[in-house]
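First comes the structure, then the notes that go with it.
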Amino acid sequence: MVGAFSRGSKPVGHSLTDYVGRIGPRLVELWLALVLLFFFLIRIWGSHTGKHILQVLGLG
Amino acid sequence: MRLLLPIFANLSVVFAATGFGYLLKQLLPRDFSRVDRLAFTILGGLGLLGAILFCVGQIWFSRTAIQLVVGLGCLLALKPLVAAVRDSSANRARFQGPAIPILVTAIVLLVAVIAGLAEITGDMNNDAVAYHYLGPKIWLREGIIRPIPDEVLTAFPATIESLYAALMSIGGERGPQSFALVAMLSTLLMGAALGMRLGLSPPDAWWTAAIISTLPVFFRGGSGGYIDTLLAGFILGAARIAFDAVRKSEYVLFGVFSGIAMSAKYTALATCALLTLCAFFVAFRFHRRGLAAVVMGLGIASAVAMLIACPAYLRNWILLGSPIYPPPPFLTRFFHAKYITPTVTQNLVENMTMFGRGMGHDFWSFLKLPFNLTYHTANFRGAGGIGIVPLALAPMGLIASQRDGFAKALALFAALQMSVWFFTFQDARYAIHAYLIAVVFGVLGWKYVLGLGTRYGRALSALVVACSILYGLVMIVSASRDDIHAALSPSFEAKRRIAETPFLESFEYLNRETSAKKILILDPYAPAYYCDKPYVKPVGRWGEETIPGATDIEAVLAQLPRLGVSHVLDVRWGSQAFRLSGDHAGLRLVFQRTDQRVYAVVPPL
């Protein structure tokens, strides 16, 4: 640890870039999940075709 | 035979288009892939064939003239075809691809083929019946391409409608219907070529094709007489070459595709101006080329584009007084348009205001546009939707390709195009090229998400693609169900014809009655497309007045001898009254069905 600080670098995994690097993929996943959620809410449950699909699948 | 002729007609036109497209070979950059070459040859050929037919049709549009032009194209196609056959027999074992996207694309194209073989039905709300097919049918009958006085929209640029006329001439009235496959396939090729230019591998290009083909708006814009999908192919071709153009020949090719697009639809005028702007930006900013060279190249492209597009605009200027006809309000200051009444202009403006408002023109609606277009496509004049890949994955594609100048130019063009579309006429079909660009970025984004290596990211992105494709397939198949049924079952087709064709009995009577030489159709909304004989419609559906001085029914009837009319068709909608009530001197009722009457004109003793 002393050696690492003595080289002037921050502890691995705690820099801003590291945070962004870790949050980025989570943001992407959140975005994709939101798009899918709205798709199911609006295009499937909220439409005639969607209701028909759900009925065919036994979910209507 | 009813299905073989349209198939033969389409094969002939594609073959001829390949021949004319082969003329562009010298202009193609040497580093173009095989997919690029194929896409540019077919799309360029279709555009050139349509443009040539349009020009020839201004003076001579008989069956012979069409066969000569198509025959010339077929002759030109022999050499590349022989080369392609040799090449394919040598490379047969090499063809490999991912099964799922190939299967999906094949299903959509199969639906397009079968549904495209169905006979057209419908009223004047169907644009094909109202003008896309009406024009070609009458041009063939008259032997010349001219705007039809009672349908002002037949004065639109008609490169694709000229192709429809050729298909109708060779393959009958089903010919242009089955052109859907050609329009979709050629545009899919261009979409795949664009994806490969942005770094997608051949399997990824197949996924691009699968996602594009399952966009319901793509299917809608390419079938039933609509020209928007093929137009998207021309525009993407122009973009593909414009943003990489360095040599003069490449600028010429950019001009060829821009010109073809402008000769197909007025909306392409603004699109091509945006393309030129973006091409200037990319050449100057990213390729670091000198100002003089860029201006010179774009000047060449603009000159070529104007040369190819000008016949349609010159024809309108000479015959109708305005290059864009019907003229938009700002153009009326500079041109005096003939034959157009204030009623027509007012009706068109009202139509544009009513149907082009989408979900509003305010700033908040602009910000919400990606969301609204994805989830509420029905509010943009239907067309079935654009899937969820553009919204979900295209932003990641933009991030992934942020260092690529070509990608930046493409994204800039799509953004500007959507802005223009938003502030003018929000019809989902008019921006298909922008959705296709978004899909290409979507596939790039999918690869980017897979590269992040997170388990949920992989699963969610795969689910997005699967939902988009499956939902699109369901929408496309369900919308085409009746067409497929009609194509496969002559009895269902006959039933559908009766149910969906307004005043069919009268049109059938007039078409088979040998004494019927020229028909007077009194109702503006009676679909004249179904009339096989020459006709006169005193008032069109937009308020067009085709007989000078004949503003009421008595004035029209007074001109019957001069018009050479043999029969009069009078119809009514619902509870409306007939236009001819009671007995009229000089007219004898010869045919009557519910809401429809046909009179024979009795010559004076």
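Of the helices (runs of 4 or more DSSP H) lying entirely inside region B:130-233, those containing at least 3 residues that are in contact with a Phe, Trp or Tyr (Cβ under 7 Å, 6 or more places away or on another chain) and over 17 Å from B:Leu109 (Cβ atoms) span B:134-142, B:159-171. Listed by first and then second residue, the pairs with beta-carbon distance under 8 Å, at least 6 apart or on different chains, first residue in region A:25-38 and facing another protein chain (nearest Cβ under 8 Å), second modelled with pLDDT under 90 and crowded, with 18+ Cβ neighbours inside 10 Å, are A:Phe38/B:Tyr375. Every test in (1) within 13 Å of chain A (Cβ to nearest Cβ); (2) under 24 Å from the mean Cα position of the chain (by Cα) is passed by B:Leu314 save one, and that test is (1).
Table: residues versus (1) within 27 Å of B:Arg141 (Cα to Cα); (2) surrounded by fewer than 22 Cβ atoms within 10 Å (Cβ to Cβ); (3) in contact (Cβ under 8 Å) with a residue 24 or more places away in the chain; (4) in contact with a strand residue (DSSP E or B) (Cβ under 8 Å, 6 or more places away or on another chain).
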position	(1), (2), (3), (4)
B:Tyr509	yes, yes, yes, yes
B:Ala528	yes, no, yes, yes
B:Glu554	no, yes, no, no
B:Leu560	yes, yes, yes, yes
B:Ala577	no, yes, no, no
B:Gln596	yes, yes, yes, yes
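In region B:511-526, which residues are touching a helix residue (DSSP H, G or I) at 6+ places or on another chain (Cβ under 9 Å) and surrounded by fewer than 20 Cβ atoms within 10 Å (Cβ to Cβ)? Selection gives B:Asn511, B:Lys518. Those helices (runs of 4 or more DSSP H) of region B:368-432 in which at least 2 residues are among the polar types (S, T, N, Q) and within 13 Å of chain A (Cβ to nearest Cβ), considering only elements entirely within it, cover B:369-375. Would you confirm whether any residue within region B:484-492 is among the β-branched types (Val, Ile, Thr), buried (at least 16 other Cβ atoms within 10 Å of the Cβ), within 14 Å of another protein chain (Cβ to nearest Cβ) and over 30 Å from B:Val565 (Cβ atoms)? No, region B:484-492 contains no residue that is among the β-branched types (Val, Ile, Thr), buried (at least 16 other Cβ atoms within 10 Å of the Cβ), within 14 Å of another protein chain (Cβ to nearest Cβ) and over 30 Å from B:Val565 (Cβ atoms). Scanning region B:433-450 for residues that are touching a residue at least 12 places away in the same chain (Cβ under 8 Å), over 18 Å from B:His376 (Cα atoms) and within 14 Å of chain A (Cβ to nearest Cβ) turns up B:Gly442, B:Leu444, B:Gly445, B:Trp446, B:Lys447, B:Tyr448, B:Val449. Which numbered condition in (1) away from chain A (no Cβ under 14 Å); (2) surrounded by 24 or more Cβ atoms within 10 Å (Cβ to Cβ); (3) of a type in the set (S, T, N, Q) is the only one that B:Ser468 fails? Among (1) away from chain A (no Cβ under 14 Å); (2) surrounded by 24 or more Cβ atoms within 10 Å (Cβ to Cβ); (3) of a type in the set (S, T, N, Q), the lone unmet condition for B:Ser468 is (1). Among the conditions (1) within 14 Å of chain A (Cβ to nearest Cβ); (2) crowded, with 20+ Cβ neighbours inside 10 Å; (3) not β-branched (Val, Ile, Thr), B:Ser478 misses just one, which is (2).
Could you list, in sequence order, all residues of region B:308-341 that are part of a helix (DSSP H, G or I), touching a residue at least 12 places away in the same chain (Cβ under 8 Å) and either crowded, with 20+ Cβ neighbours inside 10 Å or of a type outside the set (Ser, Thr, Tyr) (or both)? Hits for region B:308-341 are B:Ile308, B:Ala309, B:Pro311, B:Ala312, B:Arg315, B:Asn316, B:Trp317, B:Leu319, B:Leu320, B:Pro329. Taken over region B:348-367, the criterion of being charged (D, E, K, R) and within 14 Å of chain A (Cβ to nearest Cβ) is satisfied by no residue. Return the residues of region B:248-281 that are touching a Leu at 6+ places or on another chain (Cβ under 9 Å), surrounded by fewer than 24 Cβ atoms within 10 Å (Cβ to Cβ) and not small (Gly, Ala, Ser); say none if nothing qualifies. Correct list: B:Glu250, B:Val252, B:Lys265, B:Thr267, B:Leu274, B:Thr276, B:Leu277, B:Cys278, B:Phe280, B:Phe281. Being touching an Asp or Glu at 6+ places or on another chain (Cβ under 7 Å) and among the β-branched types (Val, Ile, Thr) is the filter; apply it to region B:407-456 and report the residue that is surrounded by the fewest Cβ atoms within 10 Å (Cβ to Cβ). Within region B:407-456, the match that is surrounded by the fewest Cβ atoms within 10 Å (Cβ to Cβ) is B:Thr454. When you check B:Ala305 against the structure, is it part of a helix (DSSP H, G or I) and in the same structural domain as B:Phe234 (by TED's automatic domain parsing), yes or no? In short, yes.
When the strands (runs of 3 or more DSSP E) confined to region B:507-605 are screened for residues that are aliphatic (A, V, I, L, M) and over 34 Å from the mean Cα position of the chain (by Cα), those reaching at least 3 such residues are found at B:587-593, B:596-601.
Does B:Ala550 satisfy the condition of being over 15 Å from B:Leu587 (Cβ atoms) and of a type outside the set (Ser, Thr, Tyr)? Against the criterion (over 15 Å from B:Leu587 (Cβ atoms) and of a type outside the set (Ser, Thr, Tyr)), B:Ala550 qualifies.
Of all residues in region B:264-274, those satisfying the criterion of being touching a residue at least 60 places away in the same chain (Cβ under 8 Å) and more than 14 Å from B:Gly233 (Cβ to Cβ) are B:Tyr266, B:Thr267, B:Ala270, B:Leu274.
The values are calculated or read from the model by the stated rules, or taken from the named source; none is laboratory data. Computed from a predicted model, the values in this text were never measured in an experiment. Don't worry about glycine lacking a Cβ; one is built from the backbone with ideal geometry, like all the others, and counts go over all protein chains shown.
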